[in-house]
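What follows is calculated from the coordinates using simple rules that are stated; it is not laboratory data. The structure displayed is predicted, hence computed values, not measured ones. Reconstructed Cβ throughout: ideal geometry from the backbone, glycine too, with neighbour counts over all protein chains shown.
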Amino acid sequence: MLALNNYLILSAILFAIGTVGVLTRRNAIVIFMCVEMMLNAVNLTLIAMSRYLGNVDGQVFVFFIMTVAAAEAAVGLALMIAFYKNRESIDVEDINLMKL
Amino acid sequence: MESIFFFVVAAVAVISSILVVTCKNPINSALSLVMTFFMLATCYVMLDAPFLAVTQVIVYAGAIMVLIVFVIMLLNIRTETVKRGSHAVISGVILGVFVLFQTIWFLLKGLNGGNLTGKTGTMDAALINRVGHVEVIGKALFTDFLLPFEVTSILLLIAIIGAVVLAKKKI
């Protein structure tokens, strides 16, 4: 079996790329996709650790993370549609209604 | 052989995730993200977690990405014409590299000492081949994690209600 380090480094790279996407993009849907990618990187860490420790708990956690991601997708996309109806845009820099 | 396969999968995953961040058109980003999800599912299969790989393909690559692509097409989002200022991009990339080193340091810290801290268990490839991955997960899910499982159903109910309320014109 492959060394655990390989999976952990792949997961760290994916997480960092997701962070860069969240920090540099302006389109809210692309930011949302980058957040999903970060969640997936964490899932990979949990599954790899669970496999190498021989403990199934990590994989059950991955299950819950997937559920939370599905709920987040439903609510987040509904929010984006509601915002688009008001502003005709989903650029995050247009989300400034509460700015002083 | 296995390591060559892993490095090919990892390279495709990293390249497609970079495409998610760099593509101008959100549809291209979404399709690259589907590719990343498939590569991660391949990694799960290599880690002896076939059930989670199937769930990854069905839930992420199937349900969530279809929802995202649907919303992108519904809103008719144009490609970004006005670029964000370059100093914002540079500082974002610097912070990303910082996060990368920090995450790698965190993740490998426990391994370099030679011992993984954490509760070890009895799950291994032989057990998964004998009784099946679904049974292994199901036993843990419906005994040790029964309360979180039930709470998750409430979470999903709240998400359904929230999505309907947000999408309605007038409540």
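Would you mind calculating the relative contact order of region A:27-90 from Cα pairs under 8 angstrom and at least 6 residues apart, reporting the percent as a whole number? 35 percent.
Helical content alone sets the calculated 222 nm signal of chain A at -28000 deg cm²/dmol, taking -39,500 (n - 2.57) per DSSP H segment of four or more residues and averaging over every residue. Under the definition of Cα pairs under 8 Å and six or more residues apart, what whole-number percent is the relative contact order of region B:1-80? Computed over region B:1-80, the figure is 30 percent. Averaged over residues, the count of other Cβ atoms within 10 Å places the peptides A:25-33, A:53-61 in the sequence A:25-33, A:53-61, highest first. Residue separation of B:THR143 and B:ASN76 scaled by 0.36 nm, minus their Cα-Cα distance, works out to 19.5 nm of gained length. Using only Cα coordinates, the Kirkwood hydrodynamic radius of chain A works out to 15.3 Å.
Quick note on region B:1-80: its Rg to Rh ratio, both from C-alpha atoms and Rh being the Kirkwood radius, is 1.05. Note on B:PHE106 and B:ILE160: the model spin-label points, each 7 Å out from Cα along the C-beta direction, lie 3.5 nm apart. Stretched out straight at 0.36 nm per residue, the stretch from B:ARG130 to B:GLU150 would grow longer than its current Cα-Cα span by 4.3 nm. Taking the Cα centre of the protein assembly as shown as reference, the dipole from Cβ charges on Lys and Arg (+1) and Asp and Glu (-1) amounts to some 780 debye.
Within the protein assembly as shown, the ratio Rg/Rh, alpha carbon atoms throughout and Rh by Kirkwood, equals 0.99. Å³ per residue of the Cα convex hull, for chain B? Here the figure is 188 Å³ per residue. Relative to one another, the C-alpha centroids of region A:1-62 and region B:7-41 are positioned 13 Å apart. In summary, the helical segments of chain B meeting the span-like criteria, namely a full DSSP H run, a Cα extent along the axis of 20 angstrom or more and a mean Kyte-Doolittle hydropathy of at least 1.6, are B:2-22, B:146-167.
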